[in-house]
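Below: the structure, in structure tokens.
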Amino acid sequence: MTNIAATDFSGKTAFVTGGAQGIGFAIAEALAKRGANIMLADINEAGLIQAKENLSKLNTQVEYCLCDVANADAVQAGADKTIERFGKVHYVVNNAGVALGGAVGETPLNDWRWIVDINLMGVVYGCEIFTPLIKSHGEGGHIVNTASMAGHVSLGGMGPYHATKFAVVGYSECIRQELAPYKIGVSALCPGWVQTEIHLSTKNSPTNAGTEVVQNEQFLAIAQLIENGLEPNRLGEWVADSIVANRQYIFTHPDMRPAIEMRYHGVQADYAACDKHFGE
């Protein structure tokens with residue numbers, strides 16, 4: 001399927017959640033450089049004001065809206081403001097997300113609801129609300145749903161995060177098939193370590209309620225990997241190129257490929273056992 005709308009960003013409109021900083025801002029910047037109008041969405045108004053000022057220097061049209069992606073009404077309000085300001089929307093980047101670990105049997109259920117509402121339902125709301133708007137003008141478009149390498153491979157102790165990111169990957173694969181006839185592409189963004197502040201978001205979970213993050217050995221190791229990770233602007237440019245190419249998955253770290261292959265080999269081994277048992 002050729003994504004006609006993605007071949008020229010000029011004059012098209014993009015709605016980007018988590019757009020005040022980090023990956024969201026970097027993607028918005030890359031699209032703005034290519035001529036797209038930008039609607040930045042975030043819960044951080046001070047960050048949004050600064051982000052709008054920075055993007056406005058690129059000779060593009062930029063607006064922002066306060067938006068808690070865990071609230072469907074807030075996402076709808078963001079969509080309404082986008083149409084009111086720009087008339088149409090072509091690109092949706094469902095990027096806002098948080099991190100949360102926790103051992104099975106020890107993770108409070110309200111923390112589970114918190115991360116599911118943001119990481120998964122925030123993506124769902126963005127797709128459900130914006131898809132009819134993209135379909136309505138018949139010009140095609142593209143949806144980018146931020147998952148993670150954690151949506152393909154898993155480590156113990158990060159069940160809530162992995163569960164949401166695996167869900168985003170599966171959901172994106174599904175709606176990609178549904179939306180192809182409408183010239184709407186769908187990509188699952190699956191970055192590895194990127195220089196963001198996502199590891200600090202745990203302090204906002206219901207249980208932690210704004211307290212300082214416990215800087216144990218695991219936290220410090222993750223923080224170091226993030227601090228030495230990929231620069232967001234390089235990721236933003238890659239995402240823009242991947243929209244044009246209509247990639248199903250947008251990976252960022254070639255050195256993480258063995259982890260994907262290891263999972264694949266595990267699936268193959270267990271299918272071989274299935275073949276032997278049921279094929280007899």
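The values are calculated or read from the model by the stated rules, or taken from the named source; none is laboratory data. This structure is a prediction, so every number in the text was calculated from the model and none was measured. No Cβ is skipped: glycine too gets one built from the backbone with ideal geometry, and neighbour counts run over all protein chains shown.
Here are a few things to note about the model shown:
- Residue among Ala188, Ala180 that is touching a strand residue (DSSP E or B) at 6+ places or on another chain (Cβ under 9 Å), surrounded by fewer than 18 Cβ atoms within 10 Å (Cβ to Cβ) and either closer than 24 Å to Ala77 by Cα or in contact (Cβ under 8 Å) with a residue 12 or more places away in the chain (or both): Ala180
- Considering residues of the stretch 74-111 that are touching a Leu at 6+ places or on another chain (Cβ under 9 Å) and without any contact (Cβ under 8 Å) to a residue 24 or more places away in the chain only, the residue surrounded by the fewest Cβ atoms within 10 Å (Cβ to Cβ): Ala77
- Some residue of the stretch 254-276 being touching a Pro at 6+ places or on another chain (Cβ under 9 Å) and within 30 Å of Glu178 (Cα to Cα): no
- Residues that are in contact with an Asp or Glu (Cβ under 8 Å, 6 or more places away or on another chain) and buried (at least 24 other Cβ atoms within 10 Å of the Cβ), drawn from the stretch 6-25: Thr17, Gly18, Gly19, Ala20, Gly24
- Pairs with Cβ under 6 Å, 6+ apart, first in the stretch 158-175 and small (Gly, Ala, Ser), second at pLDDT 95 or above and not in a helix (DSSP H, G or I): Gly159/Val104; Ser172/Asn145; Ser172/Val186; Ser172/Ala188
- Qualifying residues in the stretch 224-258 (those that are at pLDDT 95 or above and of a type in the set (Gly, Ala, Ser)) - the one nearest to Leu31 (Cα to Cα): Ala240
- Tyr249 being surrounded by fewer than 17 Cβ atoms within 10 Å (Cβ to Cβ) and either within 16 Å of the chain's Cα centre (by Cα) or not polar (S, T, N, Q) (or both): yes
- Any hit, the stretch 258-275, residues being polar (S, T, N, Q) and either more than 21 Å from Thr146 (Cβ to Cβ) or surrounded by fewer than 16 Cβ atoms within 10 Å (Cβ to Cβ) (or both): yes
- Considering the stretch 213-233, and only residues there that are without any contact (Cβ under 8 Å) to a residue 12 or more places away in the chain and part of a helix (DSSP H, G or I), the residue that is farthest from Val16 (Cα to Cα) turns out to be Glu217.
- Verdict on Ser154 being touching a Phe, Trp or Tyr at 6+ places or on another chain (Cβ under 9 Å) and either under 22 Å from Gln21 (Cβ atoms) or at pLDDT below 95 (or both): yes
- Residue within the stretch 133-147 that is aliphatic (A, V, I, L, M), crowded, with 18+ Cβ neighbours inside 10 Å and in a loop (DSSP other than H, G, I, E, B) present: yes
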